[in-house]
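J.: Questions regarding the structure given below will be posed in turn.
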Amino acid sequence: MKKLNIGIYGFGTVGQGLYTVLQKSKTVDATLSAICVKHENKKRNLHLPLLTFDPNRILDNPEINVVAELIDDADEAYLLVKKALKKGKNVVSGNKKMLAAHLEEMIQLQKETGQSLLYDASACGSIPIIRNLEEYYDNDLLKSITGILNGSSNYILTQIFREGKDYATALKEAQELGFAESNPDADVQGYDALYKLVIITAHAFGPVIPAEKVFRFGIDQITNFDVRFAKEKNLKIKLVAKVTKTGKDEITLFVAPEFVNKENYIFNVEDEYNGVVIEGEFYDKQFMFGKGAGAYPTGSAVLSDITAISHQYKYEYKKRKYFALPRFTNRLSLTVYLRYHQEEDLALFDFDEIYENYKGRENRYVIGKICLEKLVKINNEIEKRQLFLAVFNE
Ligand SMILES: NC(=O)c1ccc[n+]([C@@H]2O[C@H](COP(=O)([O-])OP(=O)(O)OC[C@H]3O[C@@H](n4cnc5c(N)ncnc54)[C@H](OP(=O)(O)O)[C@@H]3O)[C@@H](O)[C@H]2O)c1
């Protein structure tokens, strides 16, 4: 077991969580040498002699062999992680936005430098999905991964469905309780779930899919009408992220609200929890459940990666190594519920087939078949409109 000397970037929710779990852990033999943060005038809970505002105090210290990158700025995180790997340090990161954008380069950098970059905390916080995909599901028998990957939006949807609150009230409460950011867009518009899905896909199937090629729709336009529609059919709406093998050599991905029934494993994933269903050729479905965010759950995931580094663990990216990479396709037909106001909004969609068409005084909806390819093309446009869509689980 390797003796670790750690430098941490970031002392916010996750950095402080890691600090606490590190003090309590008896299994890892580690020294904490420096904690680098950004704002010099910020009041801190702790006065730490380890605190620095100079990133080079970690980068230039040859004693530090593990860097925990836990900052909230994806661009800066990219530079720091790159520099740390090039300086011969192992790195642990929780930054899904940075990883989703730069994973291909990060895989290459690990090869070139021989250092390890671990990031289980970046997808589903405390749920060890990435290492399990690497080590346990290291064959090509996976069929799909479906998950509730964002705790904030799940908390809001739970308040709406279970407590009967409207979207604005549920969001405000989630922000007051610290389950949602003051700017909640990344969570409620599905970006956060999408970044995690990109990372999960690389470990489940091999390829790094550019996030901008994937259809993404969030929950911020949901109304009481949509909720009533689902409840009348004993369904809930969840923000679901999904990667599916559509053919022998093809995978498809999307993030969208989805109707789920009580037979679905994610039906009972409530509040700020995350849940991931792994479907395989021979074992059918398996389910992982747990806290996807928060100081201690995420701090524990970071500590687990640090411990793995002490055992010289590296991701091998086995799906890329041993199997031909599947192609990414958006050629998948989905059954979609679309609630809209203006006929011109409906026209944007160009449904292939419409099964149900409802026109009330205030609300209109259609249910029909549409190809993901068409949805990706209008993704930016439909976000600006007063409409909501949800996918039927098939
Ligand atoms: N929060 C969660 O539950 C959770 C779960 C999974 C993954 N993550 C990921 O973990 C990362 C950290 O999230 P967080 O919630 O802990 O963020 P946070 O509470 O906002 O804290 C961010 C920390 O980063 C520091 N920082 C920002 N830019 C910096 C820079 N250039 N150099 C050094 N320090 C810098 C800030 O310094 P100051 O203190 O000086 O402002 C602050 O201490 C993000 O990538 C997030 O996506 C978070």
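The values are calculated or read from the model by the stated rules, or taken from the named source; none is laboratory data. A quick note: this is a predicted structure, and the numbers were derived from the prediction, not measured. All Cβ positions, glycine included, derive from the backbone under ideal geometry; neighbour counts span all protein chains shown. Surface accessibility is based on the protein's heavy atoms, side chains included, excluding ligands, DNA and RNA. Shrake-Rupley method; radii C 1.70, N 1.55, O 1.52, S 1.80 Å.
J.: Working only within the stretch 95-144, note down all residues that are open to solvent by 10 Å² or more (accessible area, probe 1.4 Å), within 11 Å of the ligand (Cβ to nearest atom) and outside any helix (DSSP H, G or I).
T.: ASN95, SER126
J.: So which of VAL376, VAL276 is open to solvent by less than 10 Å² (accessible area, probe 1.4 Å), within 21 Å of GLY147 (Cα to Cα), of a type outside the set (Phe, Trp, Tyr) and modelled with pLDDT of 95 or more?
T.: Only one candidate qualifies: VAL276.
J.: Can you give me the number of residues within the stretch 59-79 that are over 22 Å from LEU303 (Cβ atoms), open to solvent by less than 40 Å² (accessible area, probe 1.4 Å) and more than 12 Å from the ligand (Cβ to nearest atom)?
T.: 0
J.: Could you identify the single residue in ILE278, ILE266 that is touching a Gly at 6+ places or on another chain (Cβ under 7 Å), touching a residue at least 12 places away in the same chain (Cβ under 8 Å) and closer than 30 Å to LYS231 by Cα?
T.: On the way: ILE278 fails: touching a Gly at 6+ places or on another chain (Cβ under 7 Å).
Every option except ILE266 fails the conditions.
J.: Moving on to the next point. Scan the stretch 184-191 and give yes if some residue there is within 14 Å of the chain's Cα centre (by Cα) and on the phi > 0 side of the Ramachandran plot, otherwise no.
T.: Scanning the stretch 184-191, I find at least one residue that is within 14 Å of the chain's Cα centre (by Cα) and on the phi > 0 side of the Ramachandran plot, so the answer is yes.
J.: Quick test for you: out of LYS82, LYS165, pick the one residue that is modelled with pLDDT of 95 or more, open to solvent by less than 60 Å² (accessible area, probe 1.4 Å), part of a loop (DSSP other than H, G, I, E, B) and more than 12 Å from the ligand (Cβ to nearest atom).
T.: Criteria check complete, one pass: LYS165.
J.: Still on this structure, I have one more. Tell me the residue from ARG320, ARG331, ARG339 that is of a type in the set (Lys, Arg) and open to solvent by 70 Å² or more (accessible area, probe 1.4 Å), please.
T.: That would be ARG331, the only listed residue that is of a type in the set (Lys, Arg) and open to solvent by 70 Å² or more (accessible area, probe 1.4 Å).
J.: Tally up the residues in the stretch 11-26 that are of a type in the set (Lys, Arg) and near the ligand (Cβ under 6 Å from one of its atoms), please. Walk me through it before giving the result.
T.: If we filter the stretch 11-26 for residues that are of a type in the set (Lys, Arg), which is where we start, we get 24, 26.
From what is left, the residues that are near the ligand (Cβ under 6 Å from one of its atoms) are none.
Within the stretch 11-26, residues that are of a type in the set (Lys, Arg) and near the ligand (Cβ under 6 Å from one of its atoms) number 0.
J.: Take the conditions within 13 Å of the ligand (Cβ to nearest atom) and not in a helix (DSSP H, G or I) and apply them to LEU46. Does it pass?
T.: yes
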